[in-house]
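Colleague: For reference, the structure I am asking about is given below.
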Amino acid sequence: MVDVLNLQPEDVRPHNFIHSICNLNRYTGHLPFPISVGLHSLRMAERVPPHLRQAALIHDWSEACFNDIASPIKATLGNYKKHEKAAGRVIFDAMHVPYELLAEIKQYDVKIRQDERIATWGYENWKSDKWTHDGDAQPIGITFVEQHWRDVRAEYTDYFVRYFPEQDLITWRT
């Protein structure tokens with residue numbers, strides 16, 4: 001059992017986080033087809049500069065502990081952001097990735113959100129929606145298509161071991 005409010009480095013087992021985020025849908029599941037947190041992180045890692053790829057792969061691992069809660073709701077949950085950030089720091093430290101890289105990948109996180117919205121709701125829908133509009137952020141140009149979570153997990157894992165070769169991962173059962 002892991003205490004997510006007091007996450008420790010030894011609690012960070014990559015296979016648990018990978019499995020979870022590949023099953024966890026973005027936008028609390030309110031999409032015409034699921035885009036998992038794992039697929040979002042994988043596609044971002046494929047598009048960021050090489051020095052940011054590790055950070056992009058793990059930037060949302062805290063959501064494996066706390067879920068992908070909509071930002072307007074997060075703001076009302078008291079200490080939620082504090083706990084999520086603390087878990088994120090432990091995850092980055094355990095994976096030997098500088099936590100400061102989160103600030104550098106934020107622009108990619110916002111841009112990829114545009115690609116997700118285009119793929120699911122259509123460009124004009126998200127651009128005019130006051131709750132989902134991200135200013136003048138332009139999409140990166142990623143095309144999202146529906147993928148089974150096991151396929152996402154396999155693709156994510158293959159990419160992950162290239163950038164974290166020292167990690168010992170379990171073999172997934174299909």
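Colleague: Identify the residue in region 11-20 that is in contact (Cβ under 8 Å) with a residue 60 or more places away in the chain and part of a helix (DSSP H, G or I) and, among all such residues, is farthest from Ile91 (Cα to Cα).
Modeller: Applying the first criterion (in contact (Cβ under 8 Å) with a residue 60 or more places away in the chain) to region 11-20 yields 11-12, 14-15, 17-19.
Subsequent filtering for residues that are part of a helix (DSSP H, G or I) retains 11, 14-15, 17-19.
Numbers: Asp11: 9, Pro14: 9, His15: 13, Phe17: 10, Ile18: 12, His19: 15 Å.
Among those residues, the one meeting the criterion is His19.
Colleague: When only residues in region 14-65 that are aromatic (Phe, Trp, Tyr) and modelled with pLDDT of 95 or more count, which is farthest from Leu101 (Cα to Cα)? So that I can check it myself, show each step before the final result.
Modeller: So in region 14-65, the residues aromatic (Phe, Trp, Tyr) come out as 17, 27, 33, 61.
Checking the rest, the ones that are also modelled with pLDDT of 95 or more come to 17, 61.
On the way: Phe17: 19, Trp61: 14 Å.
Applying the filter and picking the extreme gives Phe17.
One line per residue, one yes/no per condition, for (1) more than 14 Å from Val37 (Cα to Cα); (2) among the hydroxyl-bearing types (Ser, Thr, Tyr); (3) part of a loop (DSSP other than H, G, I, E, B); (4) at pLDDT below 90:
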site: Trp126; (1), (2), (3), (4): yes, no, no, yes
site: Lys130; (1), (2), (3), (4): yes, no, yes, yes
site: His133; (1), (2), (3), (4): yes, no, yes, yes
site: Ala137; (1), (2), (3), (4): yes, no, yes, yes
site: Gln147; (1), (2), (3), (4): no, no, yes, no
site: Asp151; (1), (2), (3), (4): no, no, no, no
site: Tyr159; (1), (2), (3), (4): yes, yes, no, no
site: Gln167; (1), (2), (3), (4): yes, no, yes, yes
site: Ile170; (1), (2), (3), (4): yes, no, yes, yes
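Colleague: Determine whether region 93-107 contains at least one residue that is buried (at least 18 other Cβ atoms within 10 Å of the Cβ), over 13 Å from the mean Cα position of the chain (by Cα) and in a loop (DSSP other than H, G, I, E, B). Quick ask: steps written out before the conclusion?
Modeller: In the first step, residues of region 93-107 are kept if they are buried (at least 18 other Cβ atoms within 10 Å of the Cβ); the result is 94-95, 97, 101-102, 105.
Okay, now just the ones that are also over 13 Å from the mean Cα position of the chain (by Cα), so 94-95, 97, 101.
Then keep just the ones that are in a loop (DSSP other than H, G, I, E, B); that gives 95, 97.
Yes - at least one qualifying residue is present in region 93-107.
Colleague: Anything in region 28-65 that is open to solvent by 30 Å² or more (accessible area, probe 1.4 Å), assigned to a helix (DSSP H, G or I), in contact (Cβ under 8 Å) with a residue 60 or more places away in the chain and touching an Asp or Glu at 6+ places or on another chain (Cβ under 9 Å)? List them, or say none.
Modeller: Within region 28-65, Arg43, Arg53, Cys65 meet the criteria.
Colleague: Name the residues in region 115-124 that are modelled with pLDDT under 85 and open to solvent by less than 30 Å² (accessible area, probe 1.4 Å), would you?
Modeller: Arg117, Thr120, Gly122 - these are the residues of region 115-124 that are modelled with pLDDT under 85 and open to solvent by less than 30 Å² (accessible area, probe 1.4 Å).
Colleague: Can you pull out the residues in region 66-90 that are open to solvent by 20 Å² or more (accessible area, probe 1.4 Å) and under 16 Å from Glu100 (Cβ atoms)?
Modeller: Lys85, Ala86, Arg89, Val90
Colleague: Select from region 66-92 the residues that are part of a helix (DSSP H, G or I) and over 15 Å from the mean Cα position of the chain (by Cα) and list them in ascending order.
Modeller: First pass over region 66-92, keeping only residues part of a helix (DSSP H, G or I): 66, 71-74, 80-92.
Once the filter is applied, which keeps residues that are part of a helix (DSSP H, G or I) and over 15 Å from the mean Cα position of the chain (by Cα), region 66-92 yields Pro72, Ile73, Lys74, Tyr80, Lys81, Lys82, His83, Ala86, Val90.
The values are calculated or read from the model by the stated rules, or taken from the named source; none is laboratory data. This is a predicted model, so every value here is computed, not measured. Ideal geometry is used to build each Cβ from the backbone, glycine not excepted, and the neighbour counts take in all protein chains shown. Just the protein is used for accessible areas: all its heavy atoms, side chains included, with ligands, DNA and RNA removed. Shrake-Rupley method; radii C 1.70, N 1.55, O 1.52, S 1.80 Å.
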